[in-house]
1. Test LEU147 against the criterion of being in contact with a Gly (Cβ under 7 Å, 6 or more places away or on another chain) and not small (Gly, Ala, Ser), and give yes or no.
2. Only residues in region 285-305 that are farther than 19 Å from LEU244 by Cβ and in contact (Cβ under 8 Å) with a residue 24 or more places away in the chain count as the first member; pair them with residues that are of a type outside the set (Phe, Trp, Tyr) and surrounded by 15 or more Cβ atoms within 10 Å (Cβ to Cβ), Cβ under 6 angstrom, at least 6 apart or cross-chain, and list the lot.
3. Where in region 10-63 are the strands (runs of 3 or more DSSP E), entirely inside, with at least 3 residues that are open to solvent by less than 40 Å² (accessible area, probe 1.4 Å)?
4. For GLU123, are the conditions met, namely being part of a strand (DSSP E or B), at positive phi and out of contact with any His (no Cβ under 8 Å at 6 or more places or on another chain)?
Amino acid sequence: DGNLEMLDEPILLPVLDMDFSLGRFNINDCRVEIDNSDIMLWGDVYNIGEYIDGTGLLTGELFLESDYVDVTKLMQLFSADDETVQNTEEAIEEIEAGKDTLSAMPFIVPKGIDLTMYTNLSEINFNDHLFNNVGGDVTIKDGVAILQELGFSSDAAEMQLTAIYRTPSPQDDPFIELDFHLLDIEIDELINLIPSVDSIVPMLKAFSGQANFHLAAETFLQNNTPIMSTLLGAAAIDGKDLVLLDNEVFDGIKRKLLMSKDARNVIDSIDVQLQVIRNRVTLYPFRVHMDRYTAIIDGRHFINK
C-alpha cells in the first residue's frame, strides 16, 4: 500500500477476471492501464500462503501483451521505496519532463518473488528510445531480473538481448551481465543508444554508415551507466561502405598514400574486435580496406572515466 500511495498515476483495472483456490490465483483476463501504458495479463500465481508466512517465494507464470508500455516510467514508479527514494515527486517530475529518467531512481528488483513473464509487446518506450515487437522471457527471481533472448526492433536496427540484472540491496551498486546483438544499425544511432561505446571505441564517431555490433560484458552500474573501473567485456563491430566524416583526415591519408584524385572518403570494409578489462581497451589487429589499400590496425588505450 505504501508504494501505491506514492504513485502519481492511478492504476486502472477495466477488466479483472480471476479465480482463487488453495493458495493459487488463476488470472483469466486482466487489463491494466497506468498513464499511457496498457497491459493485458493472464496466467497463474501460486505459493501465496508460503509467501505470506515468509517460508517461500511467490511463484508464477504470466503472459503479457500490450500495444504500448512506457517501461522507464513504470520502472521508476514501482522500484521506489523509503530506502532508495528521497523525493519521489521530484523524480516523477523529471520523468514527465523527459529528463534522463534512469538516473532519477535506480530500478530495484523485488525480492521474495520467482515469476516468469512471457512478453509480446507491440511498442515500448525505454529511456526515450522506441522499440517495436518486443518478445521474450523475463524472469524476476528474488532480487535478480533475467532477460532471456529478448528480441526487438527499432527504426535503427534489429536487436537481441540476454541479460542478468542484480540489485543485492539498495545500498549496493546494481550489477549487470549482458549479451547484446545489433544488426545493421547506423553508427550515430549506436552511439546514441549505448553512449559508453563512444568512450570504448572513440574512432567510431569518425564514421557514418551501417554496422553490426555484438557486445558481451559485465559491470557494476552507477546512475544506470557502467562504472568503467569494473567493466569486463568483449565487442565486435563490422561494417561496409563507411564514410569517413573528417575530410581533412581523409585528404591527409590520400596524400600520404598517393591515392588517385577521384578516391572517395569511404572505408570499403572494417572488422573490429576488442577487449575491455576495466579501464584498459585492447584493440586486436584488424584490417581496413580503402581504395586499393589494405591497412592493419591495432592498439591499446585507456578510458579516462
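The values are calculated or read from the model by the stated rules, or taken from the named source; none is laboratory data. Since the structure is predicted, the reported quantities are computational estimates derived from the model, not experimental observations. Virtual Cβ from ideal backbone geometry, glycine too; neighbours counted across all protein chains shown. Keep in mind that these areas ignore ligands, DNA and RNA; they rest on the heavy atoms of the full protein, side chains included. Shrake-Rupley method; radii C 1.70, N 1.55, O 1.52, S 1.80 Å.
1. Working: in contact with a Gly (Cβ under 7 Å, 6 or more places away or on another chain): yes; not small (Gly, Ala, Ser): yes.
Spelling it out, LEU147 is indeed in contact with a Gly (Cβ under 7 Å, 6 or more places away or on another chain) and not small (Gly, Ala, Ser).
2. Going by the 6 Å Cβ cut-off, the qualifying pairs are HIS301/VAL281; ILE303/SER199; ILE303/MET228; ILE303/ASN279; LYS305/SER199; LYS305/MET228.
3. Working: elements: 11-21, 24-34, 37-46.
Strands (runs of 3 or more DSSP E) meeting the threshold: 24-34, 37-46.
4. On the way: part of a strand (DSSP E or B): yes; at positive phi: no; out of contact with any His (no Cβ under 8 Å at 6 or more places or on another chain): yes.
No: the conditions fail for GLU123.
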